[in-house]
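Below: the structure, in structure tokens.
The values are calculated or read from the model by the stated rules, or taken from the named source; none is laboratory data. All figures in this text were calculated on a predicted structure; none of them were measured in a lab. As a convention, Cβ positions derive from the backbone with ideal geometry for all residues, glycine included, and neighbour counts pool all protein chains shown. When the accessible area is computed, the model is the full protein with side chains, heavy atoms only, and any ligands, DNA or RNA have been set aside. Shrake-Rupley method; radii C 1.70, N 1.55, O 1.52, S 1.80 Å.
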Amino acid sequence: MGSSEQGEHAIHMMSTEEERRYPPSAEFAAQANAKADIYERDFDEFWETEGRTRVSWFEPFNKLYEWEMPYSKWYLGGKLNVCYNCVDRHVESGAGDKVAFYWEGELEDTRRTVTYANLQSEVVRFANVLKSLGVKKGTPVAIYLGMIPELPVAMLACARLGAPHCVIFGGFSAEALADRASDFEAEILITQDEGYRRGKPLALKKIADEAAANTPSVQKVLVVSHSGGDVAWNEGTDIRYDDLAKDASSDPASCPCEPMDSEDLLFLMYTSGTTAKPKGIIHTTAGYLVGAATTHYYIFDLKADSDVYFCTADIGWITGHSYILYGPLANQATSVIFEGTPDFPDKDRWWDICERYGVTILYTAPTAIRSHMKWGPEYAQKHDLSKIRLLGSVGEPINPEAWIWYRDHIGGGKAPVVDTWWQTETGSILITPLPGITTLKPGSASKPFPGIDAAVYDESSNEVGPGGGGYLVLRKPWPSMLRGIHNDPNRFLSNYWSLFPGNYAAGDGARIDEDGDFWLLGRVDDVMNVSGHRISTIEIESALVDHPLVAEAAVCGRADEITGQAIVAFVTLKGGAKGSDDVIKELRAHVGKKIGPIARPATVVITQELPKTRSGKIMRRLLRDVAENRALGDTTTLADPNVLAEIQRQAQAK
Ligand code: WTA
């Protein structure tokens, strides 16, 4: 949790009370999947029953869980396959003609409707192609694709074969991709020729090539054709998916679903922590699937027969894994998968999609809602959004104004908004309202989901009572929890389990109100949240000092109206060089190249010196004060108080 300074800042930040209350309507409550007695269910009974109800087992489990802090195992002795649960069983039960997802390309009029039967054929074909490349149970497969139909297909094909996957977000740079694929020891890398960003081609294959050249474990690069654009070709390693697919069988009997043990690895997902090295979060088979399916069913009140569900996340992040792919498909949902951005070709793109497909449930992030607020409600008003009956939010604390705007302008003034708190590590939503039960408070994620034991602790591990603030902890294991950090058990222990011994420390600050409702306050460690993306300050600092001109760098977040937080970098140059706008441009581009465009600092302040204590420690707390443009905190331990005045001058000149 690094600097408790930052924690205190987060915890004290919420000053005004939000008084508005939105009880569920009788109409919604009457039809809701979750009824009030769900909160009375016993922990073991809840996860046992949900485990048997939401998932089909090849062999039933014989023990609910084992807990040897910090490692848990769930549904022991069970055998199952995630692809079978998401695809085959629906076809076998007669739902083959039901739409699994509507795929909407970024370019207008590139659309596909994929039924469960289509999905099964595509997945089997893809799995047969992977098999022909030697992929089998346990082969690590890295996936670097945009939001194209082949992305869910490739993931499900891996799950079918029992090959663990690791999807790397299409916005990551070659270096970031190579770091992750190497740590995972990926043998196959799946990519596409090009993606699109605002109508322009995005060279995914080119980035994948650069990464593959620096990832010794990768033997083959499997290239899916999407744009049809020309790409460079490496004869030894590259394979065209289409060449192999045309002869591959799509008959499910040609490639049965591999029976997997409950605790077999399903995937790794890399996320930022408080060091420069991303963590490969381990998720296994049964607990993850039960967690994703159960939460999706109750929290989104999913009615498989009538709902059209649209989650705007990218499948390259955990939200897309759990709530575009695995949860919804396990529940036989009909979803929308959208390749593009909300404002291309115009700012009503999402609302056009919602109207056209008759979306009933929408799940998005506060940063997107704030962008829509800025653009104005007229874009939504152009479309018929009357089918929307439930709204979800994830990724960062949602400010009450955005919450109300969302409900009023997208939810027709009546759709409940579920503010869902969770993390890559938790695998599924842990703190959330339940629509039909919870009286909603804008800005509060409400209560722990049934079967989840969350609390707020102070620095000395005492539980904080109503009205207090502190650190969010989880006191009991849960099925979809991470099983560790790939190749780094010590970091797993020290990062999550050593701060409040015996409890999982989430790294978030939280307040608990008189009703026992949770209000999330943001990260209490050196991790920023920019447009819902987790980025560590240290990752960016090390990217900056990697540039030949840079001597030292300190990075922090400042509040931003749209993105939640924005990245501010304070940099000193070698030889005390003064810098220029061109240098700043170059440094921003360098970070983009090292990590990806999402990590580019919004502001770079070049300064002669960074504020330090007499022992030489950078005083980040003071830099945060400068970045936020507020009064400086205690400066008495500064070695040279003049340094700060100079930095303030520089920052204000921006
Ligand atoms: C933040 C995304 C407040 C939090 C699913 C957490 C939230 C981090 C919320 C995880 C929310 C996510 N309210 N904060 N509803 N949802 N967060 O791993 O700081 O990308 O620790 O998972 O996002 O980000 P991650």
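For this structure, a couple of remarks:
- Two-site FRET efficiency, Ala213 against Lys382, from Cβ-Cβ distance with R₀ of 45 Å, rounded to 0.05: 0.45
- Excluding same-chain neighbours fewer than eight residues apart, the lysines reachable from Lys374 by a Cα-Cα span under 28 Å are Lys200, Lys347, Lys382, Lys387, Lys414, Lys441, Lys585, Lys654.
- Only helical runs count toward this figure. For the chain, summing -39,500 (n - 2.57) over DSSP H runs of n ≥ 4 and dividing by all residues gives -7500 deg cm²/dmol at 222 nm.
- FRET efficiency for the pair Lys136 and Tyr39, taken as 1/(1 + (r/R0)^6) with r the Cβ-Cβ distance and R0 = 51 Å, rounds to 0.70.
- Charge dipole magnitude, Cβ of K and R +1, D and E -1 - the chain, Cα centre, debye nearest 20: 640 debye
- One chain, two ends: Ala26 and Leu76. Fully extended at 0.36 nm per residue, the span grows by 14.0 nm beyond their Cα-Cα distance.
- Relative contact order of the chain, pairs being alpha-carbon contacts under 8 Å that are 6 or more residues apart, as %: 15 percent
- Just the protein heavy atoms count here, and of the accessible area of region 527-652 at 1.4 Å, carbon and sulfur take up 50 percent.
- Looking at region 520-602, the GluC sites (Glu not before Pro) that sit in a DSSP loop and have at most 16 other Cβ atoms within 10 Å of their own Cβ are Glu561.
- Protein heavy-atom accessible surface, 1.4 Å probe, per residue over the chain: 37 Å².
- Accessible surface of region 240-320, 1.4 Å probe, proportion on carbon and sulfur as whole %: 51 percent
- Here region 597-631 is scanned for amide nitrogen atoms under 12 Å from the site 7 Å beyond the Cα of Glu646 along Cα-to-Cβ, giving 606-612.
- Sites Ser494 and Thr341, calculated FRET efficiency, Cβ-Cβ separation with R0 41 Å, nearest 0.05: 0.60
- A crude spin-label estimate for the pair Asp242 and Ser56, with each label 7 Å from Cα along the Cβ direction, gives 3.4 nm.
- Relative packing of peptides 469-478, 138-147, 611-620 - highest average C-beta neighbours within 10 Å first: 138-147, 469-478, 611-620
- A simple spin-label model places pseudo-atoms 7 Å from Cα toward Cβ; at Lys63 and Asn487 they are separated by 3.1 nm.
- To put it simply, the accessible area of region 324-389 at a 1.4 Å probe is 49 percent carbon and sulfur.
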